[in-house]
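The values are calculated or read from the model by the stated rules, or taken from the named source; none is laboratory data. Owing to the predicted nature of the structure, the values given are computational and were not obtained by experimental measurement. Positions of Cβ are backbone-derived with ideal geometry, glycine not excepted, and every protein chain shown enters the neighbour counts.
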Amino acid sequence: MADSITQRRLAELLGLSFPTVNRALNGCPGIHKRTRARVLEAAERMGYHKNIVARSLALGRTHSIGVVIGAIPHSFWTTVMQNFDWRAQQRKYYVVSSHSTESNEQVDASIRFLVDRQVDGLVMHPSHLRRDFGIFRELEQKGIPVLFLGSFLQGVHASFVGLDDIGGGRMACRHLIELGHRRIAFVAGLFGDSTADRRLAGYREALREADLPYDETLVVPAGGYCLEHGQQAALKLLELSPRPSAVVAMNDPLAFGVAQIFWTKGVRIPQDMALVGNAGMPEGVLLPSPLTTVLAPMEKMGQRAADVIIEMIENKRSEPVFEELPNEMLVRKSCGAKLESNQISPLPNG
């Protein structure tokens with residue numbers, strides 16, 4: 001019985017009408033609480049489960065959202081996606097995820113896998129390496145809404161929820177300028193990625209607003225976004241002459257890698273070189289000099305992304321949404337509020 005029980009059979013066994021059982025199982029008003037409790041108890045005892053396939057066919061939706069995201073070992077993304085999943089479940093949607101590498105072929109395979117499972121919408125963190133947008137044109141033709149999360153691709157008809165990356169880069173650099181630094185390096189991650197490029201643009205804006213020159217030799221590409229990439233960038237920073245008095249890292253994991261190399265090389269943070277990250281990852285407080293960072297609203301980002309993709313699904317919205325969430329500074333010890341006079345110079349008049 002447990003394998004084949006239906007609402008109609010349940011109604012027969014309980015001596016109730018089919019509409020009464022249907023309304024009780026779906027939480028509809030107008031059903032006496034004793035009747036509802038009786039139906040729910042019997043449904044649980046007999047192993048009744050909703051026929052999701054039939055319901056999906058009737059509604060034209062599966063109440064599932066496909067997610068394609070790289071296997072990034074950062075607590076930032078763990079927090080974002082936990083909140084995305086929580087919010088989606090609150091709204092009766094479930095997440096089907098596929099982790100992928102930077103390979104466009106594997107990303108496309110993951111997307112098609114999810115489309116074959118009839119997801120209602122797709123959320124992904126796009127690779128900056130992609131130049132062929134054919135897969136996104138296919139999704140648009142199929143009427144499947146796409147949301148880029150955290151980063152975006154110019155020229156793709158998709159929505160975006162992420163951070164104010166220009167504002168974040170400006171905020172980090174301006175904070176160091178206000179502390180008296182004039183020679184500030186930027187650890188850039190990967191050029192061509194919208195997040196990295198926009199944070200670099202914010203760094204440049206802060207320099208321009210303070211009438212400080214932009215020196216491209218102080219912009220160090222790390223080749224990636226993980227701790228080991230930060231380590232590689234730190235070695236390049238230490239080769240600069242004269243050395244910068246402060247560093248803005250494009251994200252927190254890069255800052256962690258920079259800090260690790262500095263300590264092994266005897267470079268004191270912040271006495272010899274101040275350091276600021278970007279993300280607000282909780283691991284930053286564990287460093288010997290806790291990391292000053294641009295604090296991103298990770299929980300809000302995940303929840304808002306879920307709301308946006310569900311609104312696109314349910315309202316069949318064709319116009320893309322572009323939302324940047326504001327950041328704030330989280331000031332700790334690594335930026336150094338007090339600096340030796342030989343490390344700083346006054347701002348130019350103007």
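Residue under question is Asp108, and the condition is that it be in a helix (DSSP H, G or I), of a type in the set (Asp, Glu) and touching a residue at least 24 places away in the same chain (Cβ under 8 Å); does it hold?
Yes; evaluated as a whole, the condition is true for this residue.
Checking the structure you have, find out if any residue of segment 237-250 is assigned to a helix (DSSP H, G or I) and either among the aromatic types (Phe, Trp, Tyr) or at pLDDT 95 or above (or both).
Taking every residue of segment 237-250 in turn, at least one turns out to be assigned to a helix (DSSP H, G or I) and either among the aromatic types (Phe, Trp, Tyr) or at pLDDT 95 or above (or both).
So which residues in segment 223-272 are hydrophobic (A, V, I, L, M, F, W, C), over 18 Å from Gly336 (Cα atoms) and within 20 Å of the chain's Cα centre (by Cα)?
Hits for segment 223-272 are Cys226, Leu227, Met250, Leu254.
Within segment 278-294, how many residues turn out to be without any contact (Cβ under 8 Å) to a residue 40 or more places away in the chain and in contact with a helix residue (DSSP H, G or I) (Cβ under 9 Å, 6 or more places away or on another chain)?
1
Matching residues to (1) within 14 Å of the chain's Cα centre (by Cα); (2) more than 30 Å from Gly266 (Cβ to Cβ); (3) at pLDDT 95 or above:
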| residue | (1), (2), (3) |
| --- | --- |
| Thr292 | no, no, yes |
| Pro297 | yes, yes, yes |
| Met301 | yes, yes, yes |
| Ala306 | yes, yes, yes |
| Asn315 | no, yes, no |
| Ser318 | no, yes, no |
| Val321 | no, yes, no |
| Pro326 | yes, yes, yes |
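If you take the residues of segment 175-204 that are surrounded by fewer than 19 Cβ atoms within 10 Å (Cβ to Cβ) and among the small types (Gly, Ala, Ser), which of them is nearest to Ile269 (Cα to Cα)?
Ala201
Taking the condition closer than 28 Å to Gly150 by Cα, part of a loop (DSSP other than H, G, I, E, B) and within 24 Å of the chain's Cα centre (by Cα), does Gly284 pass?
no
Could you pull out the residue among Val115, Val123 that is outside the structural domain of Glu228 (by TED's automatic domain parsing), in a strand (DSSP E or B) and either in contact with a Phe, Trp or Tyr (Cβ under 9 Å, 6 or more places away or on another chain) or of a type in the set (A, V, I, L, M, F, W, C) (or both)? Quick ask: steps written out before the conclusion?
Numbers: Val115 fails: in a strand (DSSP E or B).
Answer to the selection: Val123.
Being in contact with a Lys or Arg (Cβ under 9 Å, 6 or more places away or on another chain), free of Cβ contacts under 8 Å to residues at least 12 places away in the same chain and part of a helix (DSSP H, G or I) is the filter here; which residues of segment 8-27 pass it?
Phe18, Arg23 - these are the residues of segment 8-27 that are in contact with a Lys or Arg (Cβ under 9 Å, 6 or more places away or on another chain), free of Cβ contacts under 8 Å to residues at least 12 places away in the same chain and part of a helix (DSSP H, G or I).
Only residues that are of a type in the set (Gly, Ala, Ser) and surrounded by fewer than 16 Cβ atoms within 10 Å (Cβ to Cβ): list them for segment 134-168, please. Write out each step before concluding.
Here is the first cut: in segment 134-168, the ones of a type in the set (Gly, Ala, Ser) are 134, 143, 150-151, 155, 158-159, 162, 167-168.
Within segment 134-168, Gly134, Gly143, Gly155 qualify.
Could you tell me how many of the residues in segment 163-195 are free of Cβ contacts under 8 Å to residues at least 60 places away in the same chain and in a helix (DSSP H, G or I)?
Within segment 163-195, the first condition is being free of Cβ contacts under 8 Å to residues at least 60 places away in the same chain, and the residues that meet it are 166, 170, 174, 178, 191, 195.
From what's left, in a helix (DSSP H, G or I): 166, 170, 174, 178, 195.
Count: 5.
Please state which of the following conditions Gly30 fails to meet, knowing it meets all the rest: (1) assigned to a helix (DSSP H, G or I); (2) modelled with pLDDT under 85; (3) surrounded by fewer than 15 Cβ atoms within 10 Å (Cβ to Cβ).
(1)
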